[in-house]
Amino acid sequence: MTTLASRLAAVDGSIADAARSVGRDPSEITRIVVTKFHPAQVVRELAALGVRDVAENRQQELSAKAEELADLDELRWHFVGQVQSKKVRAVRRAADAVHSVDRVKLVAALDRAGEGQDPLDVLVQINLTSDPQRGGVAPDGLEELAEEVAAAETLRLRGVMAVAPLDEPAAAAFERLADLAERVRRIDAEATWMSAGMSQDFAEAIACGATHLRIGSAITGPRPYQV
Ligand SMILES: *Cc1c(COP(=O)(O)O)cnc(C)c1O
């Protein structure tokens, strides 16, 4: 087995163990591989290993890889980075789901960019820290934002996304996230996704009900270059 294959198998084994240890069925959890900074060839190798869900956090990289790998039509591309308003068209063209919708203005722009297209899966990103500079909407703005997404013609509200703060145990933060996810489900019962858990904290996320894990380096190895 290649190291990529063995790391993928090890992580999937840990996901299954973490799920069973809290009485959850591993098959209800989607493992997304975050491939940012890795060449398209790594995504191709992952696809050959059966990976279907991959994620990027920069629009240019997303667009370039999605185009280069357009022959892999079973791949689903998730966008997990800051969406600049002027990049919404490009993001919509390449992404099957956007996890990082964090402001009302962006909802309107994404909706306009999708006129006449199939609905785009959208998650509302929540800031679990007290630092307004970190990505995501503050919890007190969550419902307004989720309602905007739910009302948008070309967007489908799927749930919530968050990154654990650095200065707090992940489990405590993900418990708050689970409560916030519940509030969003009251707006739309089909908004069942909870995107949480990365290489270092996916077990805690699974214990708190995460449905979508975003795992990078534990599967791909260290990122080759970072800008
Ligand atoms: C890079 C990234 C991840 C994956 O991080 P790892 O620690 O490498 O697993 C998950 N979510 C987001 C938003 C990211 O930018």
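Here are some notes:
- When the criteria are applied in full, residue 15 meets the requirement of being among the hydrophobic types (A, V, I, L, M, F, W, C) and more than 30 Å from residue 113 (Cβ to Cβ).
- Qualifying residues in the range 44-73 (those that are in contact with a strand residue (DSSP E or B) (Cβ under 6 Å, 6 or more places away or on another chain) and among the small types (Gly, Ala, Ser)) - the one farthest from residue 98 (Cα to Cα): 66
- The condition (being of a type in the set (D, E, K, R) and surrounded by 18 or more Cβ atoms within 10 Å (Cβ to Cβ)) is satisfied by just one residue among 53, 25, 17, 73: 53.
- For the range 47-70, a residue qualifies if it is touching a Lys or Arg at 6+ places or on another chain (Cβ under 9 Å), more than 20 Å from residue 195 (Cα to Cα) and within 16 Å of the ligand (Cβ to nearest atom), and the qualifying residues are 60, 61.
- Taken as a whole, the condition of being in contact with a Gly (Cβ under 8 Å, 6 or more places away or on another chain) and among the aliphatic types (A, V, I, L, M) applies to residue 128.
- Pairs where the first residue, in the range 147-164, is free of Cβ contacts under 8 Å to residues at least 60 places away in the same chain and within 15 Å of the ligand (Cβ to nearest atom) and the second is open to solvent by 50 Å² or more (accessible area, probe 1.4 Å) and aliphatic (A, V, I, L, M), C-beta under 9 Å, 6+ apart: 163/198; 164/198
- Of residues in the range 133-145 being among the hydrophobic types (A, V, I, L, M, F, W, C) and without any contact (Cβ under 8 Å) to a residue 40 or more places away in the chain, the one most open to solvent (accessible area, probe 1.4 Å): 138
- Inter-residue pairs, beta-carbon under 8 Å, first at positive phi and in the range 181-198, second within 16 Å of the ligand (Cβ to nearest atom) and of a type outside the set (Val, Ile, Thr), 6+ apart: 197/174; 197/203; 197/204; 197/205; 197/210; 197/213; 197/214
- Applying a threshold of 6 Å to beta carbon distances and a minimum spacing of six or more residues, or different chains, the list of pairs starting in the range 105-122 at a residue that is closer than 18 Å to residue 83 by Cα and ending at one that is in a helix (DSSP H, G or I) and open to solvent by 20 Å² or more (accessible area, probe 1.4 Å) reads 107/148; 109/85; 113/89.
- Residue within the range 63-70 that is surrounded by fewer than 17 Cβ atoms within 10 Å (Cβ to Cβ) and of a type in the set (A, V, I, L, M) present: yes
- Criterion: over 19 Å from residue 192 (Cβ atoms) and in contact with a helix residue (DSSP H, G or I) (Cβ under 6 Å, 6 or more places away or on another chain) - qualifying residue of 95, 171: 171
- Among the candidates 100, 130, residue that is among the hydroxyl-bearing types (Ser, Thr, Tyr), more than 16 Å from the ligand (Cβ to nearest atom) and either open to solvent by 10 Å² or more (accessible area, probe 1.4 Å) or touching a residue at least 40 places away in the same chain (Cβ under 8 Å) (or both): 130
- The selection criterion, being within 16 Å of residue 211 (Cβ to Cβ) and of a type outside the set (A, V, I, L, M, F, W, C), holds for residue 158.
- Residue in the range 188-207 that is among the acidic types (Asp, Glu) and more than 14 Å from the ligand (Cβ to nearest atom) present: yes
The values are calculated or read from the model by the stated rules, or taken from the named source; none is laboratory data. Keep in mind the model is a prediction, meaning the values are calculated, not measured. In this analysis, Cβ positions are derived from the backbone assuming ideal geometry, glycine residues included, and neighbour counts consider all displayed protein chains. Just so you know, the surface numbers come from the protein's heavy atoms only, side chains and all, with ligands and any DNA or RNA stripped out. Shrake-Rupley method; radii C 1.70, N 1.55, O 1.52, S 1.80 Å.
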